[in-house]
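Participant: Shown below is the structure under consideration.
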Amino acid sequence: MPFFDKCGQPSDKFNLSPESLEIDYFGLFFTPSLLIFIVFETNKYTTEIIQRITNVSVKQKLMDLWKPITVDELKCFIGKK
């Protein structure tokens, strides 16, 4: 299946073939840098939400339970690993 670069020219940089698996196509959109970004933003968002909690005991409990996610954990969650 041909892909095209931003100028509309055929590009073979994706190295996909008719035998390519769905996960290969998925990787075209969910690049390593995007996965890192999702992990970073998820961890940042969760930290911000926990910090907004006013009940001290609930806040402490969540802080004790929460562990930042990793790229490998995200890949498992989305079924890529």
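The values are calculated or read from the model by the stated rules, or taken from the named source; none is laboratory data. Computed from a predicted structure; not experimentally measured. As a convention, Cβ positions derive from the backbone with ideal geometry for all residues, glycine included, and neighbour counts pool all protein chains shown.
Participant: I'd like to check something: does the range 14-22 contain any residue that is in a helix (DSSP H, G or I), at pLDDT below 95 and closer than 20 Å to Lys80 by Cβ?
Facilitator: Yes, that holds for at least one residue.
Participant: Quick one: Phe3 ticks every box in (1) surrounded by 11 or more Cβ atoms within 10 Å (Cβ to Cβ); (2) modelled with pLDDT of 85 or more except a single one, so which number is it?
Facilitator: (2)
Participant: Here's something else I'd like to know. Does Gln9 qualify as being surrounded by fewer than 13 Cβ atoms within 10 Å (Cβ to Cβ), modelled with pLDDT under 85 and out of contact with any helix residue (DSSP H, G or I) (no Cβ under 9 Å at 6 or more places or on another chain)?
Facilitator: yes
Participant: Further, regarding this structure: Within the set of pairs 6+ apart or on separate chains, which have a first residue in the range 43-69 that is at pLDDT below 95 and surrounded by 12 or more Cβ atoms within 10 Å (Cβ to Cβ), a second that is of a type in the set (S, T, N, Q) and part of a loop (DSSP other than H, G, I, E, B), and C-beta atoms under 6 Å apart?
Facilitator: Correct list of pairs: empty, since none qualify.
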